[in-house]
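A quick write-up on the structure given underneath.
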Amino acid sequence: MTKGLDTHELAHYGERGYVIPSFRLPDDLLARLRLGVDGLLAGYTDVPQEDLANPHMLPPSPDGRPNPFLEAATHPGVLDCVESVLGPDLVLWITRVLCKPATIGREVPWHQDGEYWPMRPLSTCSVWIAIDPVSTGNGCMRFIPGSHRRDTLYRHHVTDRDDVVLKLELDRDQFDEADAVNVELDPGQVSLHDVRLIHGSLANRSGQRRAALILRYMPASAHYDRSLVKRSSGSAFDIADQPLLLVRGADRTDGRNDFVHGHQLWWQRYARGLAVASGSVG
Ligand SMILES: O=C(O)CCC(=O)C(=O)O
C-alpha cells in the first residue's frame with residue numbers, strides 16, 4: 001500500500017491545490033475525537049463553536065486518556081499525507097475545531113489562508129478532518145480549483161458583516177464563484193489544501209451539525225516569524241504566541257524557529273479552564 005498520497009492524489013493537489021485522499025482516520029480515533037469535540041463544546045460555551053483554538057494543547061483527561069486532538073495531529077497516516085506535499089520535516093503550528101452548529105452555523109467567507117499567516121516562505125498544508133457527515137446542506141468547504149497557482153495573494157477587504165466567521169474576505173472580482181467545488185466528506189475522511197487556495201463555506205441552515213478538526217503544518221524549512229504578526233486585536237488569542245511542535249524530521253532554519261515560546265502559555269490557559277477563540281486567522 002502507498003504511504004501518504006499516491007501519484008494521482010499528489011498530482012491533483014499540485015494542479016488544483018487540494019485533494020481528498022483515500023486515507024481515512026481510523027474509526028477508534030474518530031470516535032475519541034468525536035467525544036473530544038462534544039466535551040469541548042459542552043465545556044467551553046463562552047467561545048464560538050466555529051472557533052476553538054489549539055485543542056491539541058488540552059491536558060490528558062484525569063483518567064490518563066491521551067488528548068485525541070494531539071493523537072490525530074501526530075497520526076502517522078496524517079503525517080505521511082502531509083509529508084507527500086511538504087517533505088520530511090514538518091511543524092504543526094496550529095489546530096482548530098470548527099463546528100457549525102445546526103441551523104445557526106455561520107458562513108466562512110471566501111479567503112486565502114496565506115493572507116493571515118507569518119511563516120516565510122509562505123507555506124502550509126491544512127488537513128481538514130470531518131468529524132460529522134459533511135454535505136453541501138450543512139456548510140461543507142468550497143474550493144476554487146487551481147486558484148493557488150498565483151504567487152501573489154489576491155485582494156482582500158475587511159467585512160463589516162457579523163454573520164461570518166472570518167472578517168477578511170476576498171474581493172468578489174478576483175475569482176468566479178461558479179468554479180467552486182463542494183467538498184462533501186464522510187466522518188473520518190480528510191481534505192488537504194494549500195495555503196494559497198481560495199476557499200470558504202456557506203452557513204449551516206440544516207438540522208445537522210458540521211464539526212471538523214483542522215490541522216495546519218508548515219515545512220520545517222520555513223521560518224515562523226512571530227515579528228510579522230500584526231498585534232492589533234487585543235484579543236486573548238495572538239498568532240504570535242503559537243506553540244510550534246516539530247512532528248517529523250528536523251528543524252531546517254538554523255535555529256530561527258522557536259519551539260519553546262507559547263507552550264507554557266497554552267498549557268496554563270487550558271489548565272485554568274479557558275478556551276480561546278482564534279478570531280480572524282483563517
Ligand atoms: O471549515 C470551514 O468551513 C472553513 C475552514 C477553513 O477556512 C480552513 O480550514 O482554512
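Taking TYR116 and the conditions (1) over 13 Å from the mean Cα position of the chain (by Cα); (2) hydroxyl-bearing (Ser, Thr, Tyr); (3) within 12 Å of the ligand (Cβ to nearest atom), which numbered condition does it fall short on, given that it satisfies the others?
It is condition (1) that TYR116 fails.
Would you please name the residue that is farthest from the ligand (Cβ to nearest atom), looking only at residues in the stretch 179-194 that are more than 13 Å from ALA130 (Cα to Cα) and either modelled with pLDDT under 95 or not β-branched (Val, Ile, Thr) (or both)? It would help to see each step written out before you state the result.
We begin by selecting, within the stretch 179-194, every residue more than 13 Å from ALA130 (Cα to Cα); these are 179-182, 193-194.
So of that shortlist, the ones also either modelled with pLDDT under 95 or not β-branched (Val, Ile, Thr) (or both) come out as 179-180, 182, 193-194.
Details: ASP179: 17, ALA180: 13, ASN182: 11, HIS193: 7, ASP194: 10 Å.
Once the filter is applied, the top-ranked residue is ASP179.
Return yes or no: is LEU90 touching a Leu at 6+ places or on another chain (Cβ under 9 Å) and under 30 Å from ASP163 (Cα atoms)? I'd like the intermediate steps shown before the answer.
Values: touching a Leu at 6+ places or on another chain (Cβ under 9 Å): yes; under 30 Å from ASP163 (Cα atoms): no.
Taking the combined requirement at face value, the residue does not satisfy it.
Please enumerate the residues belonging to the stretch 197-207 that are among the polar types (S, T, N, Q) and closer than 18 Å to ASP51 by Cα.
Initial filter on the stretch 197-207 (among the polar types (S, T, N, Q)): 201, 204, 206.
Passing the criteria: SER201, ASN204.
With respect to LEU244, determine if the residue is buried (at least 19 other Cβ atoms within 10 Å of the Cβ) and at pLDDT below 95. Steps first, answer last, please.
Working: buried (at least 19 other Cβ atoms within 10 Å of the Cβ): yes; at pLDDT below 95: no.
So LEU244 fails the test.
Counting only residues that are at pLDDT 95 or above, more than 13 Å from the ligand (Cβ to nearest atom) and over 30 Å from ARG252 (Cα atoms), how many does the stretch 119-164 have?
3
Considering each residue of the stretch 67-78, count those that are assigned to a helix (DSSP H, G or I), within 20 Å of ALA53 (Cα to Cα) and touching a residue at least 40 places away in the same chain (Cβ under 8 Å), and give that number.
Start the filter on the stretch 67-78 by keeping residues that are assigned to a helix (DSSP H, G or I), which leaves 68-73, 76-78.
Filter once more, keeping what is within 20 Å of ALA53 (Cα to Cα): 68-73, 78.
Subsequent filtering for residues that are touching a residue at least 40 places away in the same chain (Cβ under 8 Å) retains 69, 71-73, 78.
Residues in the stretch 67-78 being assigned to a helix (DSSP H, G or I), within 20 Å of ALA53 (Cα to Cα) and touching a residue at least 40 places away in the same chain (Cβ under 8 Å): 5 in total.
Any idea which of THR95, THR74, THR103, THR45 is surrounded by 20 or more Cβ atoms within 10 Å (Cβ to Cβ) and among the polar types (S, T, N, Q)?
Details: THR74 fails: surrounded by 20 or more Cβ atoms within 10 Å (Cβ to Cβ); THR103 fails: surrounded by 20 or more Cβ atoms within 10 Å (Cβ to Cβ); THR45 fails: surrounded by 20 or more Cβ atoms within 10 Å (Cβ to Cβ).
None of the others qualify; the one that does is THR95.
Please go through the stretch 1-45 and pick out each residue that is under 23 Å from PRO88 (Cβ atoms), of a type in the set (Ser, Thr, Tyr), without any contact (Cβ under 8 Å) to a residue 40 or more places away in the chain and not in a helix (DSSP H, G or I).
Of everything in the stretch 1-45, those that are under 23 Å from PRO88 (Cβ atoms), of a type in the set (Ser, Thr, Tyr), without any contact (Cβ under 8 Å) to a residue 40 or more places away in the chain and not in a helix (DSSP H, G or I) turn out to be THR2, SER22.
Would you mind listing the strands (runs of 3 or more DSSP E) fully within the stretch 195-254 where at least 3 residues are more than 16 Å from the ligand (Cβ to nearest atom) and either at negative phi or touching a Ser or Thr at 6+ places or on another chain (Cβ under 8 Å) (or both)? Give the steps one after another, and end with the answer.
On the way: elements: 199-201, 210-219, 245-248.
It comes to 245-248.
Looking at (1) surrounded by 18 or more Cβ atoms within 10 Å (Cβ to Cβ); (2) not in a loop (DSSP other than H, G, I, E, B), which is the only condition TRP117 fails?
The failed condition is (2).
Right, LEU92: among the hydrophobic types (A, V, I, L, M, F, W, C), more than 11 Å from the ligand (Cβ to nearest atom) and outside any loop (DSSP other than H, G, I, E, B) or not?
Values: among the hydrophobic types (A, V, I, L, M, F, W, C): yes; more than 11 Å from the ligand (Cβ to nearest atom): yes; outside any loop (DSSP other than H, G, I, E, B): yes.
Yes, satisfied.
The values are calculated or read from the model by the stated rules, or taken from the named source; none is laboratory data. Only a predicted model underlies this, so the values are computations on that prediction, with no experimental measurement involved. Cβ sites come from the backbone with ideal geometry, for glycine too, and all protein chains shown count toward neighbours.
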